[in-house]
Structure formats: structure tokens, C-alpha cells
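Student: So that we are looking at the same thing, I have put the structure below in C-alpha cells.
The values are calculated or read from the model by the stated rules, or taken from the named source; none is laboratory data. What you see is a predicted model, and the numbers here were worked out from it, not measured in a lab. Cβ sites come from the backbone with ideal geometry, for glycine too, and all protein chains shown count toward neighbours. Just so you know, the surface numbers come from the protein's heavy atoms only, side chains and all, with ligands and any DNA or RNA stripped out. Shrake-Rupley method; radii C 1.70, N 1.55, O 1.52, S 1.80 Å.
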Amino acid sequence: PVSAAAQAKVHAAVRELGYSGNVLARGLRTQRTLTIALVIPDITNPFYPVVARGVQDAVTNFGYQVVVCSTDGDEAREASFIREMVARSVDGMILGLLHTPSAILESLVGRNLRIVMLGHHLGRELGDRVISDNRVIVAEATRHVVRMGRARIAFVGGAAGVGPGDERQAGYQDALLGAGLALDPALVVATGYTRASGTSAVQH
């Protein structure tokens, strides 16, 4: 609420001095940092750069920045990144967690923090959730291989109780049983969600 002449003087000074606003100071006044944390298991997994790009494209027009935290699927790193992002007062978090650091998640309840979960349910609804129907998807993939005339079909998936592994294995079993094929435990390999662990499991 100042005159046009005063505005012109301020803008001229900004240009002359090369002034840039202090984001931290602005955040203290507005209680917003215009920052969103994206916590994901593995940035080298081709799925997650696409997610990160989509998030960035979606928020840029609103003036937000995205901080990407790659955890390597490690529970301690997941918890550490979440604590760090809370300490930095991010406005929101998009969490692609493989584990359930329940104490950390409980600490997010009641904060002025928007949360979106990527993937599986973590036992408490902290916000919105974006999921794929892993059971249906893997069942269809398995049926496709069966239609190709294959009968010995291996399943490489995440360890029980970690990430979407249980749902995917259930879909695999649904398709085999539906096709009248026996389940062979020797053809089921539980592994981590990294390229190295996937390579090892396929070689096995």
C-alpha cells in the first residue's frame, strides 16, 4: 500500500543492488518455505526420476521447490531424512517409504504439514495416498507369461512385509492357481528394491 513513485524507487534499488529475497526470513513471516520433500527409495530406479519430474512440473507454477531424498530403501535413512525435512520446515512431504518408522510417522501427526504417501499403506492415514493395484498388475503380467506357453515362472519381489512385495506375490500366486499351475517355493526369490539386489536375484 505505497505510491507508484515509492514502488518505482524500491524496484530501482532492487535492480541496482542485485537484491534477492531471503527465503528463510520470508518463511518466518509467512510460516511457509515453499519447499516440498520427495523421499524415495532409489533415484537410480527409472520409475522415480519420472515421479520426481512430474512432482517438479506440478509445483513449479505455484512457486515451490522440490528437495529429493534418496534413501536406498534403508529404514534409518528414511527416518533421518524425514526428521531433517521436518527440521527444515518443509511445507509438504511426498513419501515413498519401504519401511514403517512408526515413531517418526506418529511425530508428523498434528503438524501443519501436507503429506502424500506413494504406494503401500503404512498403518495410519497421514494424508492422501497414490497407489497402483500391485496384485492385479502382477497377476495380469503372470497370466501373459502363461499364455506364452510357459509353466515354470519365477517371481522376484521384495521381502515379505516390505513395500508392495506381498501384494505382488499374491497376484503372482493368483495367476498360477487360476491357470492350474503348482506353486514352487524355489522359484520365489525375495530381494531388496535396488538394481544390485534385483540382478543378484535374477542370477540366482
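Student: List the trypsin sites (Lys or Arg not before Pro) within the stretch 135-204 that fall in a DSSP loop (any state other than H, G, I, E or B) and whose Cβ has at most 15 other Cβ atoms within 10 Å. Provide the component values of the computation, followed by the final result.
Tutor: Values: sites: Arg135, Arg143, Arg147, Arg150, Arg152, Arg168, Arg195; in loops: Arg150, Arg152.
Hits after loop and neighbour filter: Arg150, Arg152.
Student: Ranked by accessible surface with a 1.4 Å probe, highest first, in what order do His144, His204 come? Display every interim value, and only then the final one.
Tutor: Values: His144 95, His204 160 Å².
So, going from the largest accessible area down, we get His204, His144.
Student: Want the number for Ala179 to Leu34: 0.36 nm per residue separation, take away the alpha-carbon distance, what's left? Before the final figure, lay out the partial values.
Tutor: Details: separation 145, 0.36 × 145 = 52.20 nm, distance 5.17 nm.
Separation in residues times 0.36 nm, less the Cα-Cα distance, equals 47.0 nm.
Student: Would you mind computing Rg(Cα) / (2.2 N^0.38 Å) for the chain, counting N as its residues?
Tutor: Working: Rg = 23.1 Å, N = 204, 2.2 N^0.38 = 16.6 Å.
Computed over Cα atoms of the chain, the ratio equals 1.39.
Student: As an exercise, use a Förster radius of 41 Å and the Cβ-Cβ distance of Glu106 and Tyr19 to find the FRET efficiency, rounded to the nearest 0.05.
Tutor: Values: r = 42 Å, r/R0 = 1.03.
Between Glu106 and Tyr19 the formula returns 0.45.
Student: Next question. Can you give the accessible area of Leu105, probe radius 1.4 Å, in Å² rounded to 10?
Tutor: 10 Å²
Student: Could you work out how far apart the two model spin labels at Thr60 and Ala12 are, taking each label as a point 7 Å from the Cα in the direction of the beta carbon, and quote it in nm?
Tutor: In this crude spin-label approximation the distance works out to 3.5 nm.
Student: Helix-only mean residue ellipticity at 222 nm, the chain, DSSP H runs n ≥ 4 weighted -39,500 (n - 2.57), per residue, nearest 500. What is it? If you can, show how the numbers build up before the last one.
Tutor: On the way: 8 runs with 93 residues, N = 204.
Taking each H run of at least 4 residues, the total per residue is -14000 deg cm²/dmol.
Student: Give the accessible surface of the stretch 56-204 per residue, rounded to a whole number of Å², with probe radius 1.4 Å and ligands, DNA and RNA excluded. It would help to have the intermediate numbers written out before the result.
Tutor: Details: 8700 Å² over 149 residues.
I get 58 Å² per residue for the stretch 56-204.
Student: Calculate the spin-label point distance for Ser89 paired with His144, positioning each point 7 Å from the Cα along the beta-carbon direction, and give it in nanometres.
Tutor: So the label points at His144 and Ser89 sit 4.8 nm apart.
Student: Quick check: at a probe of 1.4 Å, how many percent of the accessible area of the chain sits on carbon and sulfur atoms? Don't skip to the answer; put the middle values down first.
Tutor: On the way: 7080 of 12730 Å².
Its accessible area is 56 percent carbon and sulfur atoms.
Student: How charged is the neighbourhood of Phe81? Take every other residue with its Cβ under 15 Å from the Cβ of Phe81, and add Lys/Arg as +1 and Asp/Glu as -1.
Tutor: Values: positive: Arg77, Arg83, Arg88; negative: Asp42, Asp72, Asp74, Glu75, Glu78, Glu84.
Counting the neighbours of Phe81, the net charge comes to -3.
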